[in-house]
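Down below is the structure, laid out as structure tokens.
The values are calculated or read from the model by the stated rules, or taken from the named source; none is laboratory data. Note that the coordinates shown come from a computational prediction; the quantities given were computed from them, not determined experimentally. Cβ atoms come from the backbone with ideal geometry, glycine included; neighbour counts cover every protein chain shown. SASA here: full protein model, heavy atoms, side chains in, ligands and nucleic acids out. Shrake-Rupley method; radii C 1.70, N 1.55, O 1.52, S 1.80 Å.
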Amino acid sequence: MTLSKVLLVEDDPDIQVVARMSLKVSGVPEVVIASNGEECLAMVRQVKPDLILLDVMMPKLDGYETCRRLKADPETQLIPVIFLTAKAQHYEVKQGMELGALGYLTKPFDPTTLHSQLLELLQQNGS
Amino acid sequence: MDSAKTKARITIESELLDSILSAVAVVDREGRLAYCNRAFAQRAGIERGQWVGRPAAELLTLLQPRLFPADVAETSLRWSNDEKESMQEVEWREGERTTHLREDSGPWRDAQGKVAGRIFLYHDISREKEIDRMKSEFISVASHELRTPMTSIKGSIDLVLSGFAGQVTSETQELLEIAHKSCDRLIRLINDILDLAKIEAGQVRFKKVLLDLTDPVERAIRGVKPVADQAGVSIRLVRPDSLPQIEADKDRMEQVVTNLLGNAIKFSPENGEIVVELSLHDHWVQCAVIDRGCGIAPQDLEKVFGRFQQVGEPSRKGGTGLGLAIAQGLVHEHNGKIWVESQVGKGSQFLFRIPAAAVKASG
């Protein structure tokens with residue numbers, strides 16, 4: 001399994017750089033960045049990513065609501081969504097998973113294993 | 001006491017009860033409203049004279065549309081033969097406005113000590129609830145705001161160390177490894193501070209299930225093995241063939257044992273052995289983590305569960321200074337007990353007990 005295009009939805013510019021570099025260095029050719037949920041929804045149909053890596057606490061539209069809208073839209077509901085967030089309580093993970101996300105990765109993440117963790121989650125879910 | 005004095009006393013008591021802000025109601029053994037103070041009547045919107053002596057169930061029917069959640073409201077203001085004191089929280093909704101009430105109830109005993117009814121006190125705890133919500137929000141925001149910069153600092157160092165940004169000299173590598181190690185330490189400290197704050201604020205949501213304590217204990221031993229190996233310390237598990245189940249959060253039990261083991265490793269001499277002993281004591285499942293370290297002086301025993309307390313001379317560095325405080329908080333949240341027994345020069349044993357889950361009668 002390979003990932004050729006990831007849509008990274010993250011408001012922190014430094015984390016955008018680290019996550020993008022981490023994915024690029026581990027073999028993902030294209031990483032497109034959205035700075036919040038609104039931007040993600042605006043560009044997702046055009047970008048057509050293999051995966052959306054979604055932060056939770058963001059301005060304008062948070063990750064939970066973004067995920068809910070992605071899963072409610074027949075055009076985007078099949079795109080796998082994985083949360084990458086500092087919100088790591090049981091109930092927060094549960095809330096994310098109930099919205100139809102494939103998995104939940106917590107910050108701080110290890111950039112040297114981020115890609116392999118994403119692939120593992122996709123494989124576990126047969127995506 | 002003559003009747004005039006009795007009357008005067010009753011008047012004073014009634015005036016006192018009418019002067020307090022909390023609502024008070026008394027239900028007698030026949031389930032009738034025996035008394036209510038002014039605050040109760042005002043909140044319920046009733047005329048006292050019309051309701052005292054009438055069935056409390058009728059009053060409850062009148063009030064129930066404003067009491068939430070419904071299952072909790074069901075048990076409110078009811079006579080029961082239960083002599084125990086109890087406490088529950090209910091919400092009182094009046095239009096758009098919600099007031100959080102804590103209902104304390106207990107037996108009303110007459111002069112001979114016989115139970116004559118049940119007293120209900122309703123305290124407005126809306127302010128406390130608001131503070132709890134603010135605490136919760138603070139923890140959530142602090143957690144996010146502290147972890148976000150740590151993510152980019154650690155991530156950047158990781159990427160440079162992995163050679164992504166080009167070859168690094170051995171000196172640069174050494175300095176980056178120090179920065180990396182310190183980042184990890186800071187992340188552990190942030191996690192522990194937030195964890196302890198959440199436990200103390202009652203903000204941890206536990207996923208309690210029936211489990212055998214052996215399982216999280218074994219997972220904790222596996223988890224700390226690399227650190228123990230590095231320190232030259234071995235860990236041996238001693239357990240009976242079977243143990244009753246406990247109702248607990250598996251991850252949190254593992255965290256308790258991990259913290260106790262982390263402490264034991266820190267104080268164990270090289271080539272030392274730590275014994276983890278599981279046993280049953282009456283209705284308690286007990287776990288003891290026994291080390292052969294320097295031990296703790298009697299006057300310091302109480303300090304060990306405090307925050308950032310360093311008691312004795314550890315054989316090696318590490319830990320955030322909050323591990324035992326977190327373990328104590330988690331054990332208490334499981335209705336358990338935790339303590340330490342120690343002899344200077346011989347070692348310490350940290351013990352905790354969790355109540356065994358009640359076995360449901362078959363048939």
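Assorted remarks:
- Evaluating B:GLU174 against the criteria (1) in contact with a helix residue (DSSP H, G or I) (Cβ under 9 Å, 6 or more places away or on another chain); (2) over 20 Å from A:PHE109 (Cβ atoms) leaves one unmet condition, (1).
- Exactly one residue out of A:VAL56, A:VAL17 is within 12 Å of another protein chain (Cβ to nearest Cβ) and surrounded by fewer than 18 Cβ atoms within 10 Å (Cβ to Cβ), and it is A:VAL17.
- Criterion: within 13 Å of chain B (Cβ to nearest Cβ), open to solvent by less than 50 Å² (accessible area, probe 1.4 Å) and within 12 Å of the chain's Cα centre (by Cα) - qualifying residue of A:THR85, A:THR106: A:THR85
- You will find that of B:ARG133, B:ARG109, B:ARG118, the residue that is at pLDDT below 85 and on the phi < 0 side of the Ramachandran plot is B:ARG133 and no other.
- A count restricted to segment B:159-172 and to residues that are open to solvent by less than 60 Å² (accessible area, probe 1.4 Å) and at the interface with chain A (Cβ under 7 Å from one of its Cβ atoms) stands at 1.
- Test set (1) within 14 Å of chain A (Cβ to nearest Cβ); (2) assigned to a helix (DSSP H, G or I); (3) aliphatic (A, V, I, L, M) - B:VAL217 fails condition number: (1)
- If you check B:SER152, B:SER182, B:SER156 for being open to solvent by less than 40 Å² (accessible area, probe 1.4 Å) and either within 12 Å of chain A (Cβ to nearest Cβ) or at negative phi (or both), only one passes: B:SER152.
- From the list B:ASP241, B:ASP251, the one residue that fits, being out of contact with any Cys (no Cβ under 7 Å at 6 or more places or on another chain), open to solvent by 50 Å² or more (accessible area, probe 1.4 Å) and without any contact (Cβ under 8 Å) to a residue 12 or more places away in the chain, is B:ASP241.
- Any hit, segment A:65-82, residues being out of contact with any Pro (no Cβ under 7 Å at 6 or more places or on another chain) and within 14 Å of another protein chain (Cβ to nearest Cβ): no
- B:LEU175 more than 14 Å from chain A (Cβ to nearest Cβ), within 30 Å of A:GLY27 (Cα to Cα) and not charged (D, E, K, R): yes
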